[in-house]
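In what follows, a single structure is set out as structure tokens and then discussed.
The values are calculated or read from the model by the stated rules, or taken from the named source; none is laboratory data. Values in this document were obtained by computation on a predicted structure and should not be read as measured data. FYI the Cβ positions are ideal-geometry reconstructions off the backbone, even for glycines, and counts take in every protein chain you see. Accessible surface areas use protein heavy atoms only, side chains included; no ligands, DNA or RNA. Shrake-Rupley method; radii C 1.70, N 1.55, O 1.52, S 1.80 Å.
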Amino acid sequence: MSNHILTIAEGRAEGLRKVSFELVNVAQQLAAALGGDVQGAVLGTNVGAWADTLAKTGMSQVYVVDDAGLANFAPESYTSALAAIITQANPSIVLFGATGWGKEVSARVAARLDWGLVTDCTVAQVVNGALVLTRPIYAGKAIAQVKAKGFPVMVSMRPNLVPPVEADKPAAPIQAVTVTLKEPRAKVIETVVKQKSKVDLGEASIVISGGRGVKGPEGFAPLEELADTLNAAVGASRAAVDAGWIDYTHQVGQTGKTVSPKMYIAAGISGAIQHLAGMSSSKLIVAINKDPDAPIFKIADYGIVGDLFDVIPALNAEIKKIQPG
Amino acid sequence: MPLNIVVLLKRVPDTESKITIRDNAVVTEGLNFVLDPYGEYGLEKALQLVEQHGGQVTAVLCGPAEAKETIRKALAVGADQAVHIIDPALEGGDAAATSRVLAAALKKIAAEAPGGFDMVWTGKQAVDEDNAQVPVRVAELLDLPHVNSIIEFELGAEGKTARCVREVDGERDIMTTTLPAILTAQQGLGELRYPSLKGIMGAKKKPIADWNASALGLDTATVGKVGAKVEITNLEPPPARPPGKIIPGDAQTAAHELARLLHEEAKVI
Ligand SMILES: Cc1cc2nc3c(=O)[nH]c(=O)nc-3n(C[C@H](O)[C@H](O)[C@H](O)COP(=O)(O)OP(=O)(O)OC[C@H]3O[C@@H](n4cnc5c(N)ncnc54)[C@H](O)[C@@H]3O)c2cc1C
Ligand SMILES: Nc1ncnc2c1ncn2[C@@H]1O[C@H](COP(=O)(O)O)[C@@H](O)[C@H]1O
């Protein structure tokens, strides 16, 4: 079997998502260990520019399905397009981002091709010739090593854990793959809530989240000011989202986004397990909470027991002193 | 238009429980096992739909003998009947193997009911291994459409289509699908009702069919531990974080010290 490692890029209106470039990094390490090459794929409607960018990340081949039938998300259409690409590329490993999209389409195409799939991994490595994945399970209360019994196999990787590669290398050839898409039975007809924050939560290197402790929609203002200073994204607990203080797009946790920033600041968040599930792979955790017994302090690297309405503005002022401008 | 609805439910440790690991496995003694929370949301929706339109709800669970108790909970809240897929040969499977088993069970259920089933509710992920892939795989194996992570569901006229609102990646989409379909439930769809005393008593009389691999016509080489394509080779508690520093002082003092630590010690700013 060929040792191609195929990365599936993911994009949205503004262009390819950062995770697409992180996957290339992971693929390069696996290719080095297995003695193979890295290939990439993009799929969607009018995605020529995405393919051009991906082709410059240091891969040997890019496959594209550019089809009007992929304009709106439909699981069956995307599965057919992916199956066509994978069949043509004949890789030993396919890497997806462990985003909602990546997890959904990878499961469907894995079933169609009858491959194994390991979702939501934090590390992918080759041990004695086998692919071994690390993934948090039980909401992060256990870490599993999962071994693929053989190849081919699919994997989805959690975003933000390795640096993205640059698209500054000589362009790889781009090959169009054609596929006849049937009318899908299930399809998106409208996206009603869109991502709109300045900094994408899943990709941000610093996330500042507020919970029930912010007490109301206006309570997020000091967090937003600190986020501006740090070029950070604002996150939230389910309690704050359910109360209607902030949009669902900001929710971190089992039913929201999984984030792995360089620093996660939790303000007025108790640290329920479903919240931790979405942020415990953060590199540094800071907790600000009135209650010294709040569970969040158990996983925090730095903690301040105090009122967030005093601490956050003071912290903002202190950071501005260190980072003028 | 009575509905025939199937709900796939897994038996999982309560999300709040402490996980202890011994010899690469979770210690199950003393663990509190429950219905998987996201599956419960799907079960509630199934019960509501049958209340409105008539029909029946069949709960399906693949798991060990101890799972009988868990299945009774589904019957106690109102499921009409249950299928317990129970066979040591099916244990230790990965998502690929488990979906093969559940797809076979759904085929059998469809074949035994005159019009097949109208829809299958599942959880968006089981909170033990957090795979989030079994329902989507089952949909593909049965050549059915699926809609993931649903928070609102409306049955179309004639019961042949549905309109769903789903939450994925911080976005909210409206999706339409034809039925039958595989539907995965997200928090927000609605909390599962509590069982009444009458429900609990009645559950004892409701039928639970036990099916094994051969009843499902499964080749045991393709399911369970042997049929799995991936396997857990090591399980550990998460690496201990170095004990955190609680920064003393009033807000001003603590904020000053925190900024210094973030800059000089952690070097994140
Ligand atoms: C199936 C399921 C899925 C779930 N998914 C998620 C999820 O994805 N994300 C999520 O977050 N939750 C999720 N939850 C909910 C979760 O269990 C908790 O209920 C929720 O995380 C609590 O949010 P919180 O910490 O903001 O609120 P609380 O637990 O009420 O904590 C508020 C904290 O703020 C502190 N506080 C109050 N005032 C101040 C102040 N002025 N200054 C400083 N501190 C203050 C308090 O001491 C307290 O610790 C889920 C639950 C279930 C059952
Ligand atoms: N052993 C099982 N028995 C019944 N349903 C299951 C089983 N495993 C998974 N499911 C269903 O699939 C959903 C997602 O599971 P998973 O893909 O394992 O995260 C669960 O919420 C259940 O609805």
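Restricting region A:244-280 to residues that are open to solvent by less than 30 Å² (accessible area, probe 1.4 Å) and of a type in the set (S, T, N, Q) leaves a set whose member that is farthest from A:Arg135 (Cα to Cα) is A:Thr249.
Which is acidic (Asp, Glu), under 28 Å from B:Glu69 (Cβ atoms), touching a strand residue (DSSP E or B) at 6+ places or on another chain (Cβ under 7 Å) and surrounded by 21 or more Cβ atoms within 10 Å (Cβ to Cβ), of B:Glu129, B:Glu167? Residue meeting the stated conditions: B:Glu129.
Taking region A:174-228 as the region of interest, the strands (runs of 3 or more DSSP E) fully inside it that hold 2 or more residues being charged (D, E, K, R) and away from ligand 2 (no atom under 16 Å from the Cβ) are A:187-193.
B:Gln133 passes every criterion in (1) on the phi < 0 side of the Ramachandran plot; (2) at the interface with another protein chain (Cβ under 8 Å from one of its Cβ atoms); (3) within 16 Å of ligand 1 (Cβ to nearest atom) apart from (3). From the list B:Ala82, B:Ala111, the one residue that fits, being open to solvent by less than 10 Å² (accessible area, probe 1.4 Å) and away from ligand 1 (no atom under 16 Å from the Cβ), is B:Ala82.
Looking only at residues that are β-branched (Val, Ile, Thr) and within 7 Å of ligand 2 (Cβ to nearest atom) in region B:119-150, which one is farthest from B:Glu167 (Cα to Cα)? Checked region B:119-150; the qualifying residue farthest from B:Glu167 (Cα to Cα) is B:Val134. Selection of region A:257-297 for residues being facing chain B (nearest Cβ under 8 Å), in contact with a Ser or Thr (Cβ under 7 Å, 6 or more places away or on another chain) and within 9 Å of ligand 1 (Cβ to nearest atom) yields A:Ile273, A:Gln274. Note on region A:307-325: among residues that are open to solvent by less than 20 Å² (accessible area, probe 1.4 Å) and not β-branched (Val, Ile, Thr), the one that is farthest from B:Lys18 (Cα to Cα) is A:Glu318.
Among the residues of region B:1-56, which ones are part of a helix (DSSP H, G or I), acidic (Asp, Glu) and within 16 Å of ligand 1 (Cβ to nearest atom)?
Taking region B:1-56 first, the residues part of a helix (DSSP H, G or I) are B:37-53.
In the following step, the residues that additionally are acidic (Asp, Glu) were identified as B:40, B:44, B:51.
Of everything in region B:1-56, those that are part of a helix (DSSP H, G or I), acidic (Asp, Glu) and within 16 Å of ligand 1 (Cβ to nearest atom) turn out to be B:Glu40, B:Glu44.
Among residues of region B:150-172 being at the interface with another protein chain (Cβ under 7 Å from one of its Cβ atoms) and in a strand (DSSP E or B), the one that is nearest to B:Glu191 (Cα to Cα) is B:Glu167.
Can you name the residue in region A:298-325 that is within 12 Å of ligand 1 (Cβ to nearest atom), assigned to a helix (DSSP H, G or I) and facing chain B (nearest Cβ under 7 Å) and is also farthest from A:Val252 (Cα to Cα) among such residues? Looking at the filtered set, the residue picked out is A:Asp310.
If I go through region B:5-40 residue by residue, how many of them are within 14 Å of the chain's Cα centre (by Cα) and either at pLDDT below 95 or open to solvent by less than 20 Å² (accessible area, probe 1.4 Å) (or both)?
Applying the first criterion (within 14 Å of the chain's Cα centre (by Cα)) to region B:5-40 yields B:6-15, B:33-40.
Next, only the ones that are either at pLDDT below 95 or open to solvent by less than 20 Å² (accessible area, probe 1.4 Å) (or both) stay: B:6-9, B:12-13, B:15, B:35-36, B:38-39.
Residues that pass the stated criteria total 11.
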